Structure formats: C-alpha cells, structure tokens
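Taking it in order: structure first as structure tokens, then the write-up.
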Amino acid sequence: KIFMDRGAMAQSPHAHEYLQMWYVLRGSCVHTLGGHSYPYQRFGLFIVPPYADHYLVSDDAQGERICCE
C-alpha cells in the first residue's frame, strides 16, 4: 500500500505488523520511535520496523509525505 499524507498531523503512538517507509516530499516532521524523536525535512527517508511503537507529528500545513507499507 502506498499513500500520500498532506498537511499538519499528530498521530497517537501505535505499532504495525509490517514495515513502513516514509519519504518527506515537502516541509518537515518529527518521528518518534522507541522513545527517541528524529526531525526530518524535505528528501528525508525513514523506515519503521514491524512492531515498533512510533508516531509522527507535523505542524507544517504545506507538508507532504509518502508512506509505503
């Protein structure tokens, strides 16, 4: 599954049975994984392993991110 995520967002902590890859097309976001926060900007790529507690936050109304699951 591949989808585009746009605008500001604030996820609740959660986990998946599968791997996710996120790519930041525009703007910025902060991804929290395993209790550590990682800032990402345009062209940033991050991978979330299966069963890892994580969440994504962005206050960038113009932000665009692609997620592959």
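Measuring nothing but protein heavy atoms, the accessible surface of the range 1-61 at 1.4 Å probe radius is 56 percent carbon and sulfur. Once both labels are positioned 7 Å from their Cα atoms along Cα-to-Cβ, the gap between Gln41 and Tyr23 label points is 2.0 nm.
Rg/Rh for the chain (Cα atoms only, Rh after Kirkwood) is 0.93. In whole percent, what relative contact order does the chain give with Cα contacts below 8 Å and a gap of six or more residues? Averaging sequence separation for qualifying contacts and normalising by length gives 52 percent for the chain. The charge dipole of the chain, taken about its Cα centre with unit charges on the Cβ atoms of Lys, Arg (+1), Asp and Glu (-1) only, comes to about 200 debye.
The values are calculated or read from the model by the stated rules, or taken from the named source; none is laboratory data. Computed from a prediction, not measured in an experiment: that's the story for all the values here. Here Cβ is always computed from backbone atoms with ideal geometry, including for glycine, and neighbour counts include all displayed protein chains. Only protein heavy atoms, including side chains, enter the accessible area calculation; ligands, DNA and RNA are left aside. Shrake-Rupley method; radii C 1.70, N 1.55, O 1.52, S 1.80 Å.
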